[in-house]
1. In segment 477-501, what residues are part of a loop (DSSP other than H, G, I, E, B), surrounded by fewer than 23 Cβ atoms within 10 Å (Cβ to Cβ) and touching a residue at least 12 places away in the same chain (Cβ under 8 Å)?
2. If Gly126 passes every condition in (1) open to solvent by less than 10 Å² (accessible area, probe 1.4 Å); (2) part of a loop (DSSP other than H, G, I, E, B) but one, which one does it miss?
3. Determine, yes or no, whether Thr374 is modelled with pLDDT of 95 or more, in a loop (DSSP other than H, G, I, E, B), open to solvent by less than 10 Å² (accessible area, probe 1.4 Å) and closer than 26 Å to Glu138 by Cα.
4. Taking the condition of being under 17 Å from Asp672 (Cα atoms) and either assigned to a loop (DSSP other than H, G, I, E, B) or of a type in the set (Lys, Arg) (or both), how many residues in segment 582-610 meet it?
5. Filter segment 437-476 down to residues that are part of a helix (DSSP H, G or I) and free of Cβ contacts under 8 Å to residues at least 60 places away in the same chain and give me whichever is nearest to Tyr227 (Cα to Cα).
6. Return yes or no: is Val128 modelled with pLDDT of 95 or more and either under 30 Å from the mean Cα position of the chain (by Cα) or closer than 26 Å to Ser180 by Cα (or both)?
7. Are any of the residues in segment 385-408 crowded, with 23+ Cβ neighbours inside 10 Å and under 19 Å from the mean Cα position of the chain (by Cα)?
8. Could you please tell me which pairs satisfy a Cβ distance under 9 Å, a separation of 6+ or placement on different chains, a first residue in segment 637-651 that is part of a loop (DSSP other than H, G, I, E, B), and a second residue that is basic (Lys, Arg)?
Amino acid sequence: MKTRAFYYVTALALAVSAFFAAACSDNVDDSNLYAFEGETITSYLQNNDGFDMYSFMLTKVMLSRKSQSTVSQLLSARGNYTCFAPTDEAVQVFLDSVYRTKGYDYTQTDDSVAETIVRNSIIDCGNVEAYRVADLVEGTVPKTNMYDRYITVSYDTVNGRAVTRLNNDADIVVSDVEASNGYIHVVNRVLSLSNAYLPEIIRSAPNLRIFNMLLELTGWDEAMLEYIDQKYEDEEHEDGKDETGRDAEVPEHRYFGYTAFVETDSVFNQKWGIDYPVIVDGHIANEQEILSQIENKCRLIYSDAASGDYKNEDNAVNRFVSYHILPMRIAYDKLVIHYGELGYAYRTPTQLSINCHEYYETISKKHRRLIKLTEGKTTEGIRLNRYSVYDPDTYDEIIVPMKGIHVSSNNGKYDFNALNGFYYPIDDVLVYDSDVRDKVLNERLRFDVSSLLPELMTNGYRKTTTYAVNFPSGYFENLTYNKEANCAYLGGYGCGWPDFQGDEHNFTGQYDLTLKLPPVPFEGTWEIRWSVPIFSNRGMAQLYLGTNPENLAAIGLPLDLRLEATNPTIGWEEDTDDEQLNDENDKVLRNHGYMKPPRHDGATTGGVVSKSLREETQYQRMRKIIYTGNMKPTDVYYVRCKSVLSNNATQFVMDWIELCPRNVYNGSIPEDKW
């Protein structure tokens, strides 16, 4: 008869095999072992009472199937590791639960169970310092663990004492034990993460029965069942290069992921008057009544929708559900990126300043729609589709006609962290109606290029200090490039670069790349603006635009990123105390097809940002207006960038883009400088 342990081990197989499949030679070099005084993580655990079981697991787990080294040896070597070490009591409770045996002999632990205990508890922080408790903010730990999973962080009070809680279960009972190669945080539970896919995690939450019912009826649950690109796993990937020709890491995996914003049953009841589910024998007895109520509400919003088949993407209920899902895994603290905005210091991340915005495209490819996320000191958390009027001088909110829907970081005691994504409860019903289209999104839309690449975010490469990652051709769906192009993603969060949100995509070689643009919310005249990072080692490319990626029309003259801003063809002049003179220079720049960088952000090294990039004379980030013309929300647009230089060392940098409607840049009220 198969034991519970058998089923537990079987459930772990996918995650374990994914980790092992792409692992190469992961042996620990003995020359890296510390020879000087000072305890490593391994020696501390071995030399202190209460960690015998965990220390044993560390010696039992190998780095990979091809490795001769154990995780215990890894934690004896140089590096920066964050270790959430469970006590002997915590390990014993976990083993007794798995094997359903009181006082189970830990030396008999199956390999897969040991893998779970160990790999979920350790984060390799690479070339940056390991995490102290003060570095952890509500949401997730910034880097993934040895299973490439995010550890969630929340806070509670136990016996009058504030505690930091991991994965809704384990409390840190001793923090910031400093070792020579990282930090140890003692936890009172083994860190365990579900290996269920996102639809199953939603299905298991008893307060999400209505949303789960809608997911299943529309078939969007089936669209969220991908986890890992097996073809990518089976391929050999050569070492890559950064923008200067130095070695750069190539992603080991290509994961798929999803993020869902979900209404609880109580929100449906309170906001829309939907009946609460009546559960009989595990099923919703009043499903048809609830569905009829939901459908009536959806038809009022999507009046042109098709009826009948709920799995038809034209169906009103289907369109309602699909607007809740993003085709990317995004940890809570990365939903809105804070970095260089004025008044903010990323070393004190909880002290927010002016509002920051993110715009993401939802999952439906037939009905392409944007969802706006906003967070700042006045928003009281992350808000969906917030509509505000801002002071043009300070960028403070002065009127908030639409407060926006609040996003919770977790679902209380219920798990929200799936193998392939997250869901976040919201406090109102999320719809894409005329207010969202004509008010919320009727503004200048600024996108970090990274936000347009689901694979980059899903695989943990956003808001990262990893210096350079080389992405092979074919890794991204929305960004394609030829084999001759060298794509180096520079994750410069914390490096002091003037990049928007601290990162950039840097191309060298004879590049020929095509970027799929996000949709515009309504038809009209739009400007497309391209960030122009000006340096002498930059390159020059001809740009093309259109709806057929195989036959795009050239637009304008080649874009030269080497031109200094003071070049007469651009005409930049430094801002003065005279705003009228500044406005005159802005007009000159627009006549030449350029704009100064936004006032919203500045270069940062961790302190409070007090100087805008618009005022910088050293770090130039001009905006080039590459296109002005009619655009439709039903059309898919692409921008192609093709090198026109023979020098393969010149760099073409993609940082951010803007889509701006005519009523903003040429309306009765001048466009703000933010």
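The values are calculated or read from the model by the stated rules, or taken from the named source; none is laboratory data. All of these numbers come straight from a predicted model, not from anything done at the bench. Neighbour counts are summed over all protein chains in view; Cβ atoms, including those assigned to glycine, are modelled from backbone coordinates with ideal geometry. Calculation scope for accessible area: heavy atoms of the full protein, side chains included, ligands and nucleic acids excluded. Shrake-Rupley method; radii C 1.70, N 1.55, O 1.52, S 1.80 Å.
1. Glu477, Asn478, Asn482, Glu484, Gly492, Tyr493, Gly494, Cys495, Gly496, Trp497, Pro498
2. (1)
3. So Thr374 does not fit the description; no.
4. Summing the residues that are under 17 Å from Asp672 (Cα atoms) and either assigned to a loop (DSSP other than H, G, I, E, B) or of a type in the set (Lys, Arg) (or both) in segment 582-610 gives 8.
5. By that ranking, first place goes to Leu456.
6. Here the answer is no, as Val128 does not meet what is asked.
7. The answer is yes, given that some residue of segment 385-408 is crowded, with 23+ Cβ neighbours inside 10 Å and under 19 Å from the mean Cα position of the chain (by Cα).
8. Close Cβ pairs (under 9 Å, with a partner that is basic (Lys, Arg)) amount to Tyr637/Lys516; Thr650/Arg538; Thr650/Arg562.
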